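A short reminder: the numbers here are calculations on the coordinates, not readings from a lab. Because the structure is predicted, anything quoted here is derived from the model rather than measured. Virtual Cβ from ideal backbone geometry, glycine too; neighbours counted across all protein chains shown.
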Amino acid sequence: MAVDWREVRWDFWFGLLSLVLLLVGIYLAGNWVYRVLMDEQQVPLDAIVLQGELVYTSSDEVRDALVAGEVGSFFGADMATLKARVEALPWIYSAAVRKEWPGRLRIFLVEQVPLAIWNDEALVNRDGEVFSGRVEQVEDWLPHLYGPPADIDEVMRQYLRIDELLQLNGYRIDELSVTERFSVSVGLEGGITLHLGREARLQRIQRFIDLHERLQRADDRDIDYVDLRYDTGVAVGWREE
């Protein structure tokens, strides 16, 4: 039986055309769905829920940071970008951002916990990380740390060790300074300054603790400073009335 090749050829081209039209239709439909999902007007993020204890950061500051640039739709919003915007706020230590259907953004916030004021112009946390929170918000109750900017790790190490010993004995540090040659001085709450030098600092602190009451009884004046940079004994300066 003879085959009509013209009929076969038409069937082939019709099938191919149908396949092409189907693929084009799928592409156009997918593109339309994508544009709808990415459109802020069609699928908006219309609610922001903040969680976490905020002491130094207001809710308005967080919201302003989020909308400082393009946010996008529920599906189009980039969580890494939004997280970075919030964590750029000076008092925010970390932020976790999560979407919740149908249009909610939930943000879990952790604020910085300041340990001390660094060189009168910044703050430092317990991890030794310097951050740019407003000093005036905490300057009434935080100790001041001073030292070369590149030596923050050493200043923190000295502060934590010395502070632990002093607090165990009822003293509180008002300020601590470390020079470029790593000589340490400590100002105590109440006005006494301890000059500790570059070595045996904890032993010298203990020597002060052991002598403090006797020094106070030795003179009616208040102690201004105690120089402990001696192998034995101390030098005492008295505050003039």
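Counted by Cβ distance under 14 Å from Arg106, the other residues give a net charge of +3, where Lys and Arg count +1 and Asp and Glu count -1. Binning all Cα-Cα separations of segment 47-111 at 10 Å, short to long from zero, yields these whole-percent fractions: 22, 62, 16, 0.
Enumerate the whole-percent occupancy of each 10 Å bin, from 0 to the last occupied one, for all C-alpha pair distances of segment 75-141. Going out from 0 Å in 10 Å bins, segment 75-141 shows 20, 41, 23, 14, 3 percent. Counting beta carbons within 10 Å around each of Val113, Val234, Val97 and listing the fewest first gives the order Val113, Val234, Val97.
By the count of other C-beta atoms within 10 Å, a proxy for reagent exposure, Tyr93, Tyr171 are ordered fewest to most as Tyr93, Tyr171. Other residues lying with their Cβ under 9 Å from the Cβ of Val97 contribute a combined charge of +4, Lys and Arg counting +1, Asp and Glu -1. In terms of other Cβ atoms within 10 Å, Tyr230, Tyr159, Tyr56 run from fewest to most in the order Tyr230, Tyr56, Tyr159. Net charge in the neighbourhood of Arg207 (other residues with Cβ under 14 Å of its Cβ; Lys, Arg +1, Asp, Glu -1) is -1.
The Rg/Rh ratio for segment 126-234 is 0.98, where Rg is the radius of gyration of the alpha carbons and Rh is the Kirkwood radius. Once both labels are positioned 7 Å from their Cα atoms along Cα-to-Cβ, the gap between Val236 and Arg106 label points is 6.2 nm. Summarising the amide proton neighbourhood of His144: residues at separation of 5 or more, or on other chains, whose placed amide H is nearer than 5 Å comprise Ile117, Glu175, Leu176. Considering every alpha-carbon pair of segment 68-203, the percent of pairs per 10 Å bin, from zero through the bin containing the longest distance, is 11, 34, 24, 15, 11, 5, 0.
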